[in-house]
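In what follows, a structure is listed as structure tokens, so that the remarks can point back to it.
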Amino acid sequence: MTASPDVIDDAPKAQETPIPSATLGGDSKRSLEQITLLLFIAVPFVALLAAVPLAWGWGVSWLDLGLLVAMYYIGCHGITIGFHRHFTHGAFKAKRPLRIVLAVMGSLAVEGPLVRWVADHRKHHKFSDVEGDPHSPWRYGETVPALLKGLWWAHIGWMFDGEQTPQHKYAPDLIKDPVIRRISRQFVLWTTVSLLAPPLIGGLATWSWQGAVTAFFWGSLVRVALLHHVTWSINSICHAVGKHPFKSRDRSGNVAWLAVLSCGESWHNLHHADPTSARHGVLRGQLDSSARLIRWFEKAGWAYDVRWPNADRINSRRKDTAADAA
């Protein structure tokens, strides 16, 4: 498969000399990782289910709500700007301090080690919605029962699959970077920081154990569960439904109602039509907070060589080339 100069989604060639793994461990630790992953998913999800009746019965404080929103968007933009647009697709280059900050921010989202995340996503783009895609909702067919099963697989089931994406094949550039490799291997540390920061702030702000407990519930558990399911919805929902104004070789769609919560990632049809674009919401009225922050980083001199889409580039990928682009 030959890629155009603008696309870096095909897997990089494997290195001849073995490079240290950047995950939590090798095959011997796979079962432990799956158990840990199950806890990281199940416990916040239970908290998310409990959030509605608790909020209805006792309410939620402004402090807890502020911690939830702040931590949510720190982690969300760490994933969208850092893990996805920068590390996976090279939509822009970042100076070293910003590169490290983005790696840590993305790790606070509790979505797995950086190098594994990038490797899985690069493989997804190489085989999008065909055999080899780690998380296509069309894996089992196009009937309603098959699609329901596929949506579950794309949303969460694929993470428990025994087959792992070979990271030395799909992310050798990140593995060769010692600082990024270290941050990736420190996933448990950053998860701990992510979960303990809200109760620490809540406890100190209210000077009470109750403040720490409610901050942990809303700012840690509910926040992580909500972010998880929004991120996973890009894999499942955005590959099953949505509008398709752009030409892509898969079933990726634009889902407008997810745009704010996903920090612009749900403009998914454009992303698959032009994977290295720094902006996904390219049409009029399409909110993309990640692109806005990248623009600010560029103006501050922290980001450079940003691949902004121009009108010609957008129109060349549109099904209706006569439509206006924002």
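The values are calculated or read from the model by the stated rules, or taken from the named source; none is laboratory data. Keep in mind the model is a prediction, meaning the values are calculated, not measured. Glycine gets a Cβ as well: all are built from the backbone with ideal geometry, and neighbour counts include every protein chain shown.
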Filter result (closer than 16 Å to G75 by Cα, within 11 Å of the chain's Cα centre (by Cα) and not small (G, A, S)) within segment 106-121: V110, E111, L114, W117, V118
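For every residue, the table says whether it meets (1) touching a residue at least 24 places away in the same chain (Cβ under 8 Å); (2) not acidic (D, E); (3) not in a loop (DSSP other than H, G, I, E, B).
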site	(1), (2), (3)
E111	yes, no, no
P134	yes, yes, no
Y140	no, yes, no
K149	no, yes, yes
W158	yes, yes, yes
Q164	yes, yes, no
H168	yes, yes, yes
D173	yes, no, yes
P198	yes, yes, yes
Residue in segment 253-262 that is touching a residue at least 60 places away in the same chain (Cβ under 8 Å) and closer than 22 Å to F92 by Cα present: yes
Residue ID - modelled with the lowest pLDDT, chosen from residues in segment 103-118 that are in contact with a Leu (Cβ under 8 Å, 6 or more places away or on another chain) and under 18 Å from I175 (Cβ atoms): G112
Meets criteria (farther than 23 Å from A70 by Cα, surrounded by fewer than 23 Cβ atoms within 10 Å (Cβ to Cβ) and either hydroxyl-bearing (S, T, Y) or out of contact with any Leu (no Cβ under 7 Å at 6 or more places or on another chain) (or both)) for W308: yes
Residue among A240, A197 that is modelled with pLDDT of 95 or more and of a type outside the set (V, I, T): A197
Some residue of segment 121-129 being surrounded by fewer than 21 Cβ atoms within 10 Å (Cβ to Cβ), of a type in the set (A, V, I, L, M, F, W, C) and either free of Cβ contacts under 8 Å to residues at least 60 places away in the same chain or not in a loop (DSSP other than H, G, I, E, B) (or both): yes
Residues within segment 257-294 that are outside any loop (DSSP other than H, G, I, E, B) and either within 17 Å of the chain's Cα centre (by Cα) or under 17 Å from C76 (Cα atoms) (or both), tallied: 14
Verdict on V241 being surrounded by fewer than 22 Cβ atoms within 10 Å (Cβ to Cβ) and of a type in the set (V, I, T): yes
